[in-house]
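Report on the structure given below.
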Amino acid sequence: MRVVFHPEFSRDIRKFEACYSPISEKLAARFRQEVDDAVASIRISPRSAGHLLNCESSLIRELRRKNLRAFPFFVLYGVMADQLIFGSIIPSRSDPLMWLARFSGKKRV
């Protein structure tokens, strides 16, 4: 399966990691490690690593979310044909629907 990262995926990680840095460098490193662990888990078993994305009354079967263990964020990713697409790191309180644009054809690499 081909693995693709949205161009802004690494920027998302750095942005949220930077929010934890002023509090503690160890906390920022722990956040980064959790993201890396989630990505590794998804890569090993993309169809069972996360939850289906529930959008109001329907499920989008191609998109999933993998919650981080100790931080209020999740990884939004897609499993489409022979591609695994990492779209974003999203705060849990955020509406995942606003991030779906990252999965439109022009934004992928």
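Bear in mind these aren't lab numbers, they're just calculated from the coordinates by the rules spelled out. Note that this is a predicted model, so its numbers are computed, not measured. Cβ atoms come from the backbone with ideal geometry, glycine included; neighbour counts cover every protein chain shown.
Taking 0.36 nm per residue of sequence separation and removing the Cα-Cα distance, the Asn67/Met80 pair yields an extension gain of 2.7 nm.
Site pair Ser41 and Glu25 shows an inter-label distance of 2.8 nm when each label is modelled 7 Å from Cα along Cα→Cβ.
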